[in-house]
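Trainee: My structure is below; once you've seen it, I'll send some questions.
The values are calculated or read from the model by the stated rules, or taken from the named source; none is laboratory data. Since the structure is predicted, the reported quantities are computational estimates derived from the model, not experimental observations. Heads up, the Cβs are rebuilt from the backbone with ideal geometry, glycines too, and the neighbour counts pull from every protein chain shown. For accessibility, only protein heavy atoms count, side chains too; no ligands or nucleic acids. Shrake-Rupley method; radii C 1.70, N 1.55, O 1.52, S 1.80 Å.
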Amino acid sequence: MKVSVLMGGISAERAVSLKTGKAVINACLELGHETTPVDFSGNYSSILNDLKYSDIVFNALHGTVGEDGTIQAWLDENNINYTGSGSRSSKLCMNKNESKRIVSKNNYLTPGWSVIDNDGGQVSGDIIKSIDFPCIVKPNAQGSTFGLSIVNDNNELMEAIKFAGRYDDTSLIEEYIIGREITVGILGDKALPIIEIFPNHELYDYECKYSPGMSTYLCPAEISSDREKQIKGDSEKIFKLLGCSGYGRLDFLLDEHGRHFFLELNTLPGMTSTSLLPIAADQSGKSFTELVDIIIRLSV
């Protein structure tokens with residue numbers, strides 16, 4: 001097939017996207033596809049010709065524009081086929097407040113949260129009174145933990161909100177749950193083996209995610225078979241509930257009582273050497289090249 005690999009973009013995750021794109025290109029070449037790398041710099045007209053004559057566009061973008069439904073809507077308008085979820089579900093999942101609201105409404109656990117506007121940096125007294133420290137402050141629509149902070153008291157709160165405001169106009173103040181970091185990849189409509197993440201830092205931050213040796217991973221995670229079945233089942237249901245398709249990855253916290261709390265759904269998870277979806281696919285017997293092949297075939 002003719003495959004265009006769309007990568008780069010204009011978000012804070014551009015560097016990660018380029019790594020994903022390079023890995024996908026190598027896999028596509030190994031599969032024998034006629035492969036065109038397309039580095040998106042924000043100019044839509046400049047990429048149209050490279051994309052519209054492809055059988056499929058492998059969307060390797062991350063972050064805003066690439067993952068929030070914007071590029072998907074543009075591809076739809078131009079009748080261009082692409083990998084991953086559609087524009088509506090992409091937009092929904094990028095909006096943590098909205099996706100958490102829907103998940104919570106459907107009786108799945110997610111950490112408690114408040115939403116604040118970053119204009120002026122003011123937080124209402126009612127919200128401040130409701131905060132139990134420590135808490136998490138993070139941008140509402142951003143990935144790779146950009147702008148995320150652990151806040152221990154009121155003195156740190158405004159600085160954390162200001163930091164989150166660099167990446168989005170809206171932030172979440174979220175309940176801090178002590179627990180095990182786990183993630184569940186979805187391929188097609190089935191959950192892959194669960195991964196437990198052990199970051200070198202207190203948070204699974206950007207450096208821990210993308211720097212080799214800064215995190216260790218256990219796949220499959222050491223979880224009882226009953227709990228594993230429950231988490232996988234819930235992951236598949238949430239994936240469908242939020243309208244996603246093709247592939248994705250859900251992040252959870254598993255607390256000391258064995259309860260799993262939904263954090264977010266990544267509609268375009270990373271596909272680099274240290275990325276989690278390829279690790280889970282490998283555990284299920286699928287090489288990176290086979291994973292790329294399956295994603296393309298699911299989309300076509």
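Trainee: Starting from the Cα of residue 115, step 7 Å along the direction of its Cβ; do the same at residue 34; then give the gap between the two resulting points in nm.
Mentor: 4.6 nm
Trainee: I've got another one for you. Suppose every Lys and Arg Cβ carries +1 and every Asp and Glu Cβ carries -1, with no other charges. What dipole size does the range 141-300 come out with about its Cα centre, to the nearest 20 debye?
Mentor: In debye, rounded to 20, the range 141-300 gives about 680.
Trainee: Still on this structure: DSSP beta bridges in the chain, what fraction antiparallel, as a percent rounded to 5?
Mentor: If we restrict to bridges inside the chain, about 75 percent are antiparallel.
Trainee: For a quick check of your reading of the filter: which GluC sites (Glu not before Pro) in the range 192-272 sit in a DSSP loop and have no more than 15 other Cβ atoms within 10 Å?
Mentor: Here the sparse-neighbourhood loop sites are 202, 222, 256.
Trainee: Still on this model: With each label point set 7 Å from Cα along the Cα-Cβ vector, what nm distance links residue 259 and residue 287?
Mentor: 4.5 nm
Trainee: Over the range 66-156, what per residue volume does the convex hull of the Cα atoms give, in whole Å³?
Mentor: It is 131 Å³ per residue.
Trainee: State the Cα centre-to-centre distance between the range 46-80 and the range 201-255 in whole Å.
Mentor: Computed from Cα coordinates, the inter-centre distance equals 27 Å.
Trainee: Could you report the chain's accessible area per residue, 1.4 Å probe, as an integer in Å²?
Mentor: 45 Å²
Trainee: How are the C-alpha pair distances of the range 133-221 spread across 5 Å bins, as whole percents from the shortest bin up?
Mentor: 3, 14, 18, 20, 19, 15, 7, 3, 1, 0
Trainee: Taking every eigenvalue of the Cα gyration tensor of the range 1-132, multiplying by 5 and rooting it, what semi-axes result, largest first, whole Å?
Mentor: 36, 16, 14
Trainee: Let me ask something else. Find, among the trypsin sites (Lys or Arg not before Pro) in the range 111-181, those assigned to loop by DSSP (not H, G, I, E, B) with at most 15 other beta-carbon atoms within 10 angstrom.
Mentor: Here the trypsin sites (Lys or Arg not before Pro) that fit, given the DSSP loop and packing criteria, are 166.
Trainee: Might you work out the accessible area of residue 131 for me, using a 1.4 Å probe with all protein chains in place, and round it to the nearest 10 Å²?
Mentor: Accessible area, nearest 10 Å²: 20 Å².
Trainee: Measure nothing fancy, just the Cα-based angle from helix 288-299's long axis to the longest principal axis of the chain, in degrees from 0 to 90, nearest 10.
Mentor: The two axes meet at around 80 degrees.
Trainee: Here is a follow-up. Among 63, 258, 84, determine the one that fluctuates most according to a GNM of the chain built with springs between C-alpha atoms less than 10 Å apart.
Mentor: Checking each option, the largest mean-square fluctuation is seen for 258.
Trainee: State, in angstrom, two size descriptors of the range 5-77 derived from its alpha carbons: Rg to one decimal place and Dmax to the nearest whole number.
Mentor: 11.5, 32
Trainee: Next question, about the same structure. Have a look at 69, 199, 123 and report the one farthest towards the positive end of the charge dipole of the chain, computed about the Cα centre with Cβ charges (Lys/Arg +1, Asp/Glu -1).
Mentor: It is 69, whose Cα lies furthest towards the positive end.
Trainee: Given the Cα atoms of the range 178-285, and with Rh set as the inverse mean 1/r over their pairs in the Kirkwood sense, what is Rg to Rh to two decimals?
Mentor: 0.93
Trainee: How high is the relative contact order of the range 153-218, in percent, with contacts defined as C-alpha pairs under 8 Å that are six or more residues apart?
Mentor: So the answer I get is 19 percent.
Trainee: Could you work out the local net charge near residue 271, counting Lys and Arg as +1, Asp and Glu as -1, over the other residues with Cβ closer than 11 Å to its Cβ?
Mentor: Net of charged neighbours comes to +3.
Trainee: As an exercise, identify the trypsin sites (Lys or Arg not before Pro) in the range 213-273 lying in DSSP coil whose Cβ has no more than 16 other Cβ atoms within 10 Å.
Mentor: For trypsin sites (Lys or Arg not before Pro) across the range 213-273 that sit outside H, G, I, E and B with at most 16 neighbouring Cβ atoms in 10 Å, the list reads 259.
Trainee: Now, a different point. At 7 Å along Cα-to-Cβ for each site, give me the label-to-label distance between residue 97 and residue 237 in nm.
Mentor: 2.7 nm
Trainee: Can you tell me the relative contact order of the range 1-137? Whole percent, Cα pairs under 8 Å, sequence separation 6 or more.
Mentor: The value is 22 percent.
Trainee: State the answer as a single residue: which of 51, 12, 41 lies farthest towards the positive end of the charge dipole of the range 1-92, with beta carbon charges of +1 for Lys and Arg and -1 for Asp and Glu, about the Cα centre.
Mentor: It is 12.
Trainee: Now a separate question. Can you tell me the relative contact order of the chain? Whole percent, Cα pairs under 8 Å, sequence separation 6 or more.
Mentor: The value is 20 percent.
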